[in-house]
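Have a look at the structure below, then the notes.
Readers should treat all values here as calculations from the given coordinates under stated rules, not as data from a laboratory. Values in this document were obtained by computation on a predicted structure and should not be read as measured data. Don't worry about glycine lacking a Cβ; one is built from the backbone with ideal geometry, like all the others, and counts go over all protein chains shown.
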Amino acid sequence: MPSLELNVIRAFERWLVYPAPSLAKGNWSPRWIENEDVVFTSSGGTQLHGWFVPHPEPKHVVLYSHGNNEHVGNQVNQLLRLQSMLDATVFVYDYRGYGRSEGQPTERGLMADGLAAHQWLLKRTGLTAGDVVLMGRSLGGGVSVAIAAQRGARALVLDATFPRMVDAASYNYPWLPVRTFMRDRYDSLSRIGQYKGPVFQSHRATDEIVPVDLARQLTDQAPSAIKQFYEIPTGRHNEPLPPDYYTALDRFLARVQRSSRTTGSPPITAGASEAAGVLTTN
């Protein structure tokens, strides 16, 4: 294929996979949450930005990885729901090239960023990987699966995500040779087999970006005995989750908590009440 045509395909892939919104499309000074601004370091010395949002008495500690058309500044409503409906302490961060983070996004870079954010959260809270809930939406689901496969988790929570990026791209652009030329594939279908812990996956039956039957492959492939596929009957890919979702997720996490007690896993005892401060993880 001529280099010009290949460059066009590469540029289209970047536009398709990483349509980062502008800083103006967000609330960077929210009044309804108490958030700590965090700056930490990912691979290559890339400086990333996030918010640590503590709950005074957390039942859960969550690392939240957002979708490809989002950034920290438009996560306020989601943070409020996780705090109020799940009693969760949450760390949400921006990948390289998103929000106030440096760099340019690539699959390898985002995987490194997710691991760096995870390491920061473990250090900040004093918890282990087995205490932290990994939660990812859409593209963030691919990042969360990769973290879980490498380090484990209390639970892996996925919403509106895909088994492989090339599957979703091929569905939406069937006339393009995406399976041949896409570099960033986010092969969660292969990675999830390396994670043995609980999985809660939600998806809308009417998702126009990732068909529900395609998404369900992740739950089917997950080896855990504790897993649930929660199908939401209506709505589009980027719509907010309904209140019933948080009720179902809360029940699932309570089930995980009961299971961990029977197997001797320690309860969450650190995190929200620790002294505030910005740390840097190398």
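Taking the chain as a Gaussian network, where each spring joins two C-alpha atoms under 10 Å apart, which residue of Ser101, Ser43, Ser202 fluctuates the most? Comparing Ser101, Ser43, Ser202 in a Gaussian network model of the chain, the most mobile one is Ser43. Along the chain, the longest continuous region that contains none of the chymotrypsin sites (Phe, Trp or Tyr not before Pro) in a DSSP loop with at most 14 other C-beta atoms within 10 Å is 33-174.
Candidates Ser101, Ser170, Ala148 compared by Cα position along the dipole of the range 20-173: farthest toward the positive end lies Ser170, with charges placed on Cβ.
For the range 85-127 and the range 132-151, what is the centre-to-centre distance using only Cα atoms, to the nearest Å? Between the Cα centre of the range 85-127 and that of the range 132-151, the gap is 10 Å. With respect to the chain, whose longest principal axis is taken over its alpha-carbon atoms, helix 243-263 is tilted by about 60°. Between the helical axis of 212-221 and the longest alpha-carbon principal axis of the chain there is an angle of about 60 degrees. Simple point charges give the picture: +1 on the Cβ of Lys and Arg, -1 on the Cβ of Asp and Glu, and for the chain a dipole about the Cα centre of about 500 debye. Specify whether the C-alpha gyration tensor of the range 33-120 places it in the rounded, prolate or oblate class, a ≥ b ≥ c being the square roots of the eigenvalues: rounded for a/c under 1.5, otherwise prolate if a/b is larger than b/c and oblate if not. It is prolate, given that a/c is not under 1.5 and a/b is the larger ratio.
Based on C-alpha pairs under 8 angstrom that are at least 6 apart in sequence, the chain has a relative contact order of 19 percent.
Free of any GluC sites (Glu not before Pro) that DSSP assigns to a loop and that have at most 14 other C-beta atoms within 10 Å, the longest stretch within the chain is 35-207. The alpha-carbon of Lys196 sits under 18 angstrom from the alpha-carbons of these lysines, leaving out residues fewer than 8 places away in its chain: Lys227.
Angle of helix 139-151 to the longest C-alpha principal axis of the chain, folded into 0 to 90 degrees and rounded to 10: 60°.
Of all beta bridges that DSSP places with both ends in the chain, some 30 percent have antiparallel geometry.
Just so you know, the Rg over Rh for the chain is 0.95, from Cα atoms, with Rh as the Kirkwood radius.
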